[in-house]
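Below is one structure, written out as structure tokens; the observations come after it.
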Amino acid sequence: MEAKTKDLWVFVETNEDGTAKNVGIELLTPGKMMAAKQGGQLVAVVIGSGVDEAVKAANEHGADKIIVVDGPEFKHYTTDAYAIALVSLVEKYGPTSMMIGATNNGRDLGPRVSCRLNTGLTADCTALDVDDETGNVAWTRPAFGGNLMATIICPNHRPQIGTVRPGVFKKSNAVEGKAEIVKEDIHVADDQIRTQVLEIIKDMGGENVDLEGAEIIVSGGRGVGGPEGFEPIKALAKELGATVGASRAAVDAGWIAHAHQVGQTGKTVGPKLYIACGISGAIQHIAGMSSSDVIVAINKDPDAPIFDVADYGIVGNLFEVLPVLTEEIKKARG
Amino acid sequence: MNILVCVKQVPDTTEIKIDPVKNTLIREGVPSIVNPFDGYALEAAARIKDKNPDTKIVVVSMGPPQATAALKECLSIAADKAYLVSGRTFGGSDTLATSYILYNAVKKIEELEGKFDAIFCGKQAIDGDTAQVGPEIAEHLGYPQVTYGLEAELDGDMLKVKKEVEEGVEIIGVKFPCLVTFTKPAWDPRYPTVKRKLAANRAEIPVLGDDAFPDIDTSRIGLKGSPTNVKKTFVPQRKTGGVKIQESDGRASAQKLFELLSGASII
Amino acid sequence: MNFHFNEEEQEILDMLHDFCLKEVAPKAAEVDEQERFPEETWHKLADMGMMGVPFAEEYGGAGLTYLNYIGICEELAKHCATTSVMVSAHTSLCCWPISQYGTEEQKQKYLSKLCTGEWLGAFGLTEPGAGTDAAMQKTIAEDKGDHWLLNGSKIFITNAGYANVFVVFAMTDKSLGTKGISAFIVEKDFPGFKVGSHEKKMGIRGSSTCELVFEDCVVPKENLLGELNKGFKVAMTTLDGGRIGIAAQALGIAQASIDECVKYTKERIQFGRRISQFQNTQFQLADMQAKVDAARLLVYRAAQAKQDHEPHSHLAAMAKLVASETASDVTRRTLQLTGGYGYTREYPFERMMRDAKITEIYEGTSEVQRMVISGWMGVK
């Protein structure tokens, strides 16, 4: 389809309580720059149920305009309802570009929508730019497990769509919002939603594994030696209020659930602090955590590649280091 | 029950290294494997067949002629029949064009094997990592989709899929026909068996080539039919200049780290 | 003269190689350290069809060549010598004599469950007073009309703690010496049969090696294996095949030890150089590889002869003699090259050295092999 405007859209995914997922708000930061280069407005598209909080967040973080679809059928994400809503909005307004957070739901929705619109989609981007002349977005994304970066363009189809990894961009500071807010009355009939949630099982053991939203992550790898080797890691994580992560080697060995996996085949994370314990730093792992603000590595092998990306690297035995570090933090916090 | 599993032959990305001088990928000598997520999809189908022995599992792959090796591996593990989609006009396809070709292949294979109740895919391929082709095939077919599946079982006229979500797992019910993409489950996929391996070696794998789909819209396939294209590729930069801490023992190192982190107000 | 694997045989070996990397190698140190029988690996190999490799498909076997089976023993031993002997004792020493000497009923009843790997097999010949001198059997089988009554004991029986079926030897006529020995198929639940405790060994520590005790053990009439009083031949021909499997085990251990050593010497720096850059390292490893390859040709030649139903008793003896002594020599030398690190249990070298030693001892010591070879040469 042809673009009807030069606007750039950011799809703001919502939680069931109507708040925005971080990534949608994060994407408004590069969105501002990109919309300016494309010569259009930055538009946040908020879909969900009871989404006032999400709209407020988008407004405070730089959206020029916010399109809101609010209805009970959007409370729990379904591919069908969201695809119908988003496609009809795109068809009505014709943005030139659209960004979606590369969450599980975003990666479920993106290809469905782009395919229905017969346009291009670039997945899991970690860097973005816009060509001033053509307005083409240069979508940069890792491939081959992070060994290679590829910059993709979508020159002849609109809207050009990309999903962008959480944690890559930082939220801007909140300011007073001045966005134009447009409510769209879109409803999806029950029989158009072809999947149903039969049961929801929260993570077994009640453990929180929200890696993507975590501010601090303490991760273990092959060097922890076994499931019991995660105990000092969990102890430190508890003290720091951190989430426990793991490398593929530790997950493959069955020491910890896959939900904890950071890296190419796990989650991409961007916390303020990432502590890698006994992780050698295979490229697949580094691809998933290198955008962390501060990286600490603890490893016995002084030549481990993890030290190449670490801000602080301890060459030593994690079982000696972690308990002392945990103790020091406990002391300092009284 | 008739299940189609889509598989891709990929380089084992864990074996890929960077040429430190030219700063490019070294692809020579990197083994080709069945994309692990596609292996999980095949295993999910095999588990349905374990409980429902009249299930037929067909695998399809789009790729160069060498991709028959991946299909033979699937036959030696659990698949009953395999098809290769391979043609010069398909080369250079992006995900949208690929999904359109595979959609045509599904229709063609259904003429030969009967209608598929479910199509299983890996959540993504480990070379491209896009996670797009599965949902796009579903869109072309107009089927409902469930992504991030861990397990699937038959329940009357419905498929019950255990789906990984950020907060845990959900059980999703979906009617046939449908498409499900699979991620890494808690269990390991089964190994090939000697008997199946020998049979797979002898199996004929039909090739659906350039002329297999007379009704295909050629403006939607190959490099020309792809809305996205690669502008450039490069090897990512690594950051340098971290602080190395190697004190006399673990305790001293830990204390030093704590001082540095708290000094920099990181913790 | 054509001792290489054809494409199909190689593919089976490649498939096993992938399995070993995921399932066998990661457990080898733990299996050794904990003296744990890798039971789960038995079941997984059974699922793959690897527990009855050279036997006919009608009995649940894979119908592969004997050479392929020997390659499988070698591949398993590269990753874990315990796992290799589990498969070779089962296949060579239990499945084979039943397939060779068993009645159709015995094959239907036992071989089909053994070849699919549902059951595990073992072999009981050695006794406290009858090791190398196997003719000195004290275990007695009495004909009780409608059944046999076995009394006595066997020692050092591989797979004993987990096996469902045992091929066991006993005297049916004491006056006839070796000509009075018969073979029997004994199930683990037969009344009067008992498996003793696990032997603590130097190597292959995960292998379940135990004593078998027969106290008025009731064995059905139809479980006589082969002809009455022809058991010694059953034992000897079985061991001829078994020795090729053990020789392959020795090859696997030796090759793995070299491969690991090459890796180590390319990483270890001394005097400012990788130790692989020293000529002593290069020459030592070259000698070792040449010796292993020479042994490999002997092993494959013996396997080929057995596959072709040619006389192979002496060939098997030569293969086992050379391969097992090579394995002991090579593992001792790789440990020397890897020094203090090699001596620690962080590395596999000391385990491989301990594992190698048994190949000079079981299924006929090196001295027995020399007896077989010199006998064949007519040196009397």
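Given the options A:56, A:65, name the one that is touching a residue at least 40 places away in the same chain (Cβ under 8 Å) and more than 25 Å from residue A:210 (Cα to Cα). Even if it seems obvious, please write down each step before you answer.
Values: A:56 fails: more than 25 Å from residue A:210 (Cα to Cα).
That would be A:65, the only listed residue that is touching a residue at least 40 places away in the same chain (Cβ under 8 Å) and more than 25 Å from residue A:210 (Cα to Cα).
Find the residue count for segment B:125-166, including only residues that are more than 8 Å from every other protein chain (Cβ to nearest Cβ), part of a loop (DSSP other than H, G, I, E, B), within 24 Å of residue A:164 (Cβ to Cβ) and at pLDDT 95 or above.
0
Write out, first by first residue and then by second, each pair whose Cβ atoms fall under 6 Å of each other, whose residues are 6+ apart or on separate chains, and whose first residue, in segment B:90-106, is modelled with pLDDT of 95 or more while the second is in a loop (DSSP other than H, G, I, E, B) and among the acidic types (Asp, Glu).
Final answer for the pair search is none.
From the list A:161, A:181, A:66, A:84, pick out the single residue that is more than 8 Å from every other protein chain (Cβ to nearest Cβ), under 17 Å from residue A:46 (Cα atoms) and in contact with a Ser or Thr (Cβ under 8 Å, 6 or more places away or on another chain). Working first, answer last.
Working: A:181 fails: in contact with a Ser or Thr (Cβ under 8 Å, 6 or more places away or on another chain); A:66 fails: in contact with a Ser or Thr (Cβ under 8 Å, 6 or more places away or on another chain); A:84 fails: in contact with a Ser or Thr (Cβ under 8 Å, 6 or more places away or on another chain).
That would be A:161, the only listed residue that is more than 8 Å from every other protein chain (Cβ to nearest Cβ), under 17 Å from residue A:46 (Cα atoms) and in contact with a Ser or Thr (Cβ under 8 Å, 6 or more places away or on another chain).
Could you run through segment A:104-141 and say how many residues are within 7 Å of chain B (Cβ to nearest Cβ) and over 22 Å from residue A:38 (Cα atoms)?
Residues meeting the conditions: 7.
Right, residue A:287: in a helix (DSSP H, G or I) and modelled with pLDDT under 90 or not?
Details: in a helix (DSSP H, G or I): yes; modelled with pLDDT under 90: yes.
Yes: the conditions hold for residue A:287.
Would segment B:27-48 turn up any residue that is assigned to a helix (DSSP H, G or I), away from chain A (no Cβ under 12 Å) and without any contact (Cβ under 8 Å) to a residue 60 or more places away in the chain?
Checking segment B:27-48: not a single residue is assigned to a helix (DSSP H, G or I), away from chain A (no Cβ under 12 Å) and without any contact (Cβ under 8 Å) to a residue 60 or more places away in the chain.
Is one or more of the residues making up segment C:53-75 away from every other protein chain (no Cβ under 11 Å), assigned to a helix (DSSP H, G or I), more than 18 Å from the chain's Cα centre (by Cα) and under 22 Å from residue C:120 (Cβ atoms)?
Checked against the condition, which is being away from every other protein chain (no Cβ under 11 Å), assigned to a helix (DSSP H, G or I), more than 18 Å from the chain's Cα centre (by Cα) and under 22 Å from residue C:120 (Cβ atoms), segment C:53-75 yields at least one hit.
When the residues of segment A:273-330 are filtered to those that are touching a residue at least 24 places away in the same chain (Cβ under 8 Å) and of a type in the set (Phe, Trp, Tyr), which remaining residue is farthest from the other protein chains (Cβ to nearest Cβ)?
Looking at the filtered set, the residue picked out is A:274.
Return the residue satisfying two criteria in turn: it lies in segment C:177-209 and is small (Gly, Ala, Ser) and over 30 Å from residue C:79 (Cα atoms), and of such residues it is surrounded by the fewest Cβ atoms within 10 Å (Cβ to Cβ). Working first, answer last.
So the first thing to find is which residues in segment C:177-209 are small (Gly, Ala, Ser), and the list is C:177, C:180, C:182-183, C:192, C:196-197, C:203, C:206-208.
The next check asks that each one be over 30 Å from residue C:79 (Cα atoms); those that pass are C:177, C:180, C:182-183, C:192.
Details: C:177: 13, C:180: 18, C:182: 24, C:183: 30, C:192: 15.
The extreme case among them is C:177.
Considering each residue of segment C:160-194, count those that are in a loop (DSSP other than H, G, I, E, B) and out of contact with any Gly (no Cβ under 7 Å at 6 or more places or on another chain), and give that number.
Taking segment C:160-194 and keeping what is in a loop (DSSP other than H, G, I, E, B), we get C:160-164, C:172-173, C:188-192.
Those left that are additionally out of contact with any Gly (no Cβ under 7 Å at 6 or more places or on another chain): C:160-162, C:164, C:188-192.
Matching residues across segment C:160-194 total 9.
Taking the options A:202, A:178, name whichever one is among the basic types (Lys, Arg), surrounded by fewer than 17 Cβ atoms within 10 Å (Cβ to Cβ), out of contact with any Lys or Arg (no Cβ under 6 Å at 6 or more places or on another chain) and within 26 Å of residue A:103 (Cα to Cα).
A:202
Rundown of residues vs (1) within 30 Å of residue A:323 (Cα to Cα); (2) in contact (Cβ under 8 Å) with a residue 40 or more places away in the chain; (3) out of contact with any helix residue (DSSP H, G or I) (no Cβ under 9 Å at 6 or more places or on another chain); (4) among the hydrophobic types (A, V, I, L, M, F, W, C), yes/no style:
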{"residue": "B:221", "(1), (2), (3), (4)": "no, yes, no, yes"}
{"residue": "B:229", "(1), (2), (3), (4)": "no, yes, yes, no"}
{"residue": "B:233", "(1), (2), (3), (4)": "no, no, yes, no"}
{"residue": "B:237", "(1), (2), (3), (4)": "no, no, yes, no"}
{"residue": "B:248", "(1), (2), (3), (4)": "yes, no, yes, no"}
{"residue": "B:260", "(1), (2), (3), (4)": "yes, no, yes, yes"}
{"residue": "B:267", "(1), (2), (3), (4)": "yes, no, no, yes"}
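Any residue in segment C:112-135 that's touching a residue at least 24 places away in the same chain (Cβ under 8 Å): show its pairings with residues that are buried (at least 17 other Cβ atoms within 10 Å of the Cβ) and basic (Lys, Arg) at Cβ separation under 9 Å, as long as the two are six or more apart or on different chains.
Correct list of pairs: C:119/C:113; C:124/C:154; C:125/C:154; C:126/C:154; C:127/C:154; C:128/C:154.
The values are calculated or read from the model by the stated rules, or taken from the named source; none is laboratory data. Being a predicted model, the structure only gives us computed values, none of them experimental. When we count neighbours, we look across all protein chains shown, and the Cβ atoms used for this are built from the backbone with ideal geometry, even at glycine.
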